[in-house]
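As C-alpha cells, the structure follows; a few thoughts come after it.
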Amino acid sequence: MDIAEVAKRSGLPASTLRYYDEKGLIASTGRQGLRRTFDEGVLERLALIALGRAAGFSLDEIARMFGPNGQPRIDRVMLNAKADELDRTIRNLSAMRDGLRHAAVCRAPSHMECPTFRRILGAAASGAIGGRREKKKKQQPPPAG
C-alpha cells in the first residue's frame, strides 16, 4: 500500500506516517515513485500505537514495546505502572468533578464561604489537584570530604 492508502485506511495524515517512519515506529517497505509503501501489517501496528497513545504512553515508550523483529514486546511492569497512574488521575478528576458539582449548587452566599469550596482551593494551592505537584528531585550524595 502506498502512503496515501495507509493514511486513508488509518485516518492518520501522511505527515504523521512519515514521522512514525522516521522514529522507527513503523517501517516503509520501499517507494513507489516518491511515495513510501507499506505492507498490510502496518495497519495493525498503527492500531497498537493508537492504543498506546490513548493510554498516555509517549512515542518513545511505545517504540520500546516493539522487539527488533517488529513484533509487540510489551513490558507488563510498565503497563501496571501506567494503570496505577491512570487510577490516580481518575481519582483526582472525580474529586474535581464532585467539587465542581457541589460548587454549582452550594447555597452559601459566596463560594468563598463554602467549606467544601475552600477545601478544593486548598487542594489546588497545595498541588494535590490540578497537576501542579512538584516532581521529586533525585537526592544527591553528600560531597566527599
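The values are calculated or read from the model by the stated rules, or taken from the named source; none is laboratory data. Owing to the predicted nature of the structure, the values given are computational and were not obtained by experimental measurement. Glycine also receives a Cβ, built like all others from the backbone with ideal geometry; neighbour counts cover every protein chain displayed.
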Subject >> Residues satisfying the stated conditions in the stretch 28-43, i.e. closer than 16 Å to Phe66 by Cβ, among the small types (Gly, Ala, Ser) and not in a helix (DSSP H, G or I) >> reply: Ser28
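Hey, among the residues in the stretch 93-125 that are polar (S, T, N, Q) and modelled with pLDDT of 85 or more, which one's surrounded by the fewest Cβ atoms within 10 Å (Cβ to Cβ)?
Step one: list which residues in the stretch 93-125 are polar (S, T, N, Q), which gives 94, 110, 116.
If we keep only those that are modelled with pLDDT of 85 or more too, we end up with 94, 110.
Values: Ser94: 10, Ser110: 8.
Among those that are polar (S, T, N, Q) and modelled with pLDDT of 85 or more, it is Ser110.
Tell me, yes or no, whether the stretch 89-102 has at least one residue that is within 30 Å of Ile26 (Cβ to Cβ) and either of a type in the set (Val, Ile, Thr) or assigned to a helix (DSSP H, G or I) (or both).
Looking for residues that are within 30 Å of Ile26 (Cβ to Cβ) and either of a type in the set (Val, Ile, Thr) or assigned to a helix (DSSP H, G or I) (or both), one finds at least one in the stretch 89-102, hence yes.
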Subject >> Pair list, Cβ < 8 Å and 6+ apart or interchain, from the stretch 27-44 residues that are within 19 Å of Pro13 (Cβ to Cβ) and of a type in the set (Gly, Ala, Ser) to residues that are exposed (fewer than 12 other Cβ atoms within 10 Å of the Cβ) and modelled with pLDDT under 95 >> reply: none
**OP:** Out of Leu46, Leu12, Leu25, Leu17, report the one residue that is surrounded by 10 or more Cβ atoms within 10 Å (Cβ to Cβ), modelled with pLDDT of 95 or more and outside any helix (DSSP H, G or I).
**Re:** Leu12
Subject >> From Arg35, Arg31, Arg73, residue being basic (Lys, Arg) and surrounded by 13 or more Cβ atoms within 10 Å (Cβ to Cβ) >> reply: Arg35
Subject >> Members of the stretch 49-70 found to be surrounded by fewer than 13 Cβ atoms within 10 Å (Cβ to Cβ) and either at pLDDT below 90 or over 27 Å from Leu12 (Cβ atoms) (or both), listed by number >> reply: Gly67, Pro68, Asn69
**OP:** Report yes if Leu59 is closer than 30 Å to Lys82 by Cα and in contact with a Lys or Arg (Cβ under 7 Å, 6 or more places away or on another chain), otherwise no.
**Re:** yes
